[in-house]
Amino acid sequence: MAYSSTPRMSSSLPAPLIADADIHADTPADAPQARALPARVLAALQLLGPLDTLTLAALLTQTPRDIEAALAQQGEAAEAQMPASTPVDEDLLTRAVRLFLNSGQTVRAAELLLSHGRPDMQLDLLESAGWWLFYSPARPLVGKFLTLNQLHPGLQEGELLGLRFIWTIEVAGEPHSVERVLQSAPGLSPALRATLQARIAQMFDQAPRACQQAKVAIDAFPNDLNPPALLARYTLGLALLESGRPQEAIAPLSAALKGAARDKATLLQIDALQALAELHVQQDLPAPAQLYAQEAQRLRQAHGLRPLEAPWPEQDYMAFPQLLDQAVQCLAEDRLDAAANGLQELEGRERKTFYCFKWRNRLLHAQIWLAAQRHELPTLLSLADSSAASIKDSASLYELERWVLQAGAALLGARPWPAERLQALNAELQARPLPLLSRRLQLIQALGSPTPDLLALRQWLDAEEPSEMDLLWLAPKLIGPLNALLATPAIVHHRRAREHAKDLLNRLQVEAPETSAADSPAEASADATASGEAPPLGLTLREWQVLRLIGEPLSNEQIAAQLFVSVATVKTHINRAYSKLGLGSRAEAVQLVRRQR
């Protein structure tokens, strides 16, 4: 079957309508057709609802003057002349469908056939316009056609079977059921078969295989003038992005976007925009990423589509990232018990249900963050497990992202990855290139040196606006080095890095050493002398006070009450002390305090 970007009906329907000027120019007023016109007008109105005179004239092949006369003759009581149960005039239905298709009203034609059309007429529409409908805001209509005709022989082979398959993959979320039968499915073109194979591979996080099949599909399609060919290009672009090759993904994603806009394949257009936004995020280019995301959101709003931020029912498969967002928000607000409960529920889901690599990485990040906030060293080291295969150039974007997260977990667990492994990962990120992940790894490397690499930290601060994610989840290892950096004389010559460091410390509710003398090492030493007790090397008096209260042992809330400060401030002092002393858990802090006594 040859696809067309313009929906059309099959040749089994009547020939195109004849122009009004060629009809009834000399029709006698008492001809049977003229005498039947009022009833035919009434039948059209009953089938289609209110129509303007010109549309009725084209539909009934009459002049507008005759239609006006028939409407006047019907009057207000016209509806009573024909019972609602009157059978639908099939010729009239066929003409109406063709008229709507010729005028670009494909959705209205589909709705009409759903209500009144025979199965063969419905499949005719699916064959000519099904793919366009699938990528339009009226996609649910395709599902209704497929459900009504699921046992029809026409849906068991050929290109209509391909449409049924893409519905099962994309909407029903059952790519495995299609994969089992795809190779033996009769009548599929090589191009469409390869496109479906590429989409299945993509949904199973098999980016290299998706790239391979998408290229086969693109080569097999003669052009990009149909939705499946555009889907193949979108799939290739997304697979290249997920393979960690964003620069190569730009061309096929842009081609898919341009073709989808041309053919008004709105949903595919939105998908391509969102992929291009993610691509620019990975390239650390926030401005174009925001533009693509805003255009996708504008299209959603313009067509009345579900907003991305609209909540899903909690038990729905698609609720997983939304529930993750809620847990992360609890982490950011120091509501650790609520975060732990939410993550525990999500971990249970993840063990029972297949979720994409991207979502699983987000869960891993939240788990690491929670373990770091609770100073759970064994958990951090378990999450940092680097027993996987060595860094390889065939790794996907999400494999690389997972390794970076694991490197961060190892740092927070006080057992940084070996320098050789970090360097191999950094080289792979630089080669792609993936600047967002590269910057994150460079910070982890700087903080993971035996002595924090202040030069590398300054260069990281100098480069771009620091990432909010890095600020929060790496805070326990970041606070001490930031203070040390601000204490170096050379920092006065690096205004951008100095301002970023001070801003980060302020956002973490920690006073930078340049702006606070109230808790400086010098004052701490004086206060300690007065009390006859000096804190360990590098700690302020307040940090030592907090550590001693941990050794009592007191909870963070009890320490905050005793010192008349907030719980967040107590946590800040704990993080700074742990960072300075290389502590990885509360148990280690208790042991240190006992030794000092």
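Read the figures in this text as sums done on the coordinates, not as results from a lab. The model shown is predicted, which means the values in this text are computed figures rather than measured ones. No Cβ is skipped: glycine too gets one built from the backbone with ideal geometry, and neighbour counts run over all protein chains shown.
Brief remarks on what is shown
- Centroid-to-centroid, using Cα positions, region 125-148 and region 452-467 are 52 Å apart.
- Averaging the sequence gap over all C-alpha pairs within less than 8 Å and six or more residues apart, then dividing by the number of residues, gives the chain a relative contact order of 8 percent.
- Measuring nothing but how far apart in sequence close Cα pairs (under 8 Å, 6+ apart) lie, relative to its length, region 317-444 scores a relative contact order of 19 percent.
- Annotation: region 120-189 has a Kirkwood hydrodynamic radius of 12.1 angstrom, from the mean reciprocal C-alpha pair distance.
- Each Cα pair under 8 Å and six or more residues apart adds its sequence gap; the mean of these over the residue count of region 451-516 is a relative contact order of 37 percent.
- Taking a straight Cα-Cα cut-off under 14 Å and skipping sequence neighbours fewer than 8 places away in the same chain, the aspartates and glutamates within cross-link reach of Lys144 are Glu111.
- Given Lys215/Lys358; Lys215/Lys264; Lys352/Lys392; Lys477/Lys571; Lys502/Lys571; Lys215/Lys392, the pairs whose alpha carbons are separated by over 20 Å: Lys215/Lys358; Lys215/Lys264; Lys352/Lys392; Lys215/Lys392
- Of the peptides 177-184, 90-97, the order by per-residue mean of other Cβ atoms within 10 Å, starting with the highest, comes out as 90-97, 177-184.
- Principal semi-axes of the equivalent ellipsoid, √(5λ) from the alpha carbon gyration tensor of the chain, are 67, 26, 21 Å from largest down.
- More than 26 angstrom apart: percent of Cα pairs within region 189-302: 14
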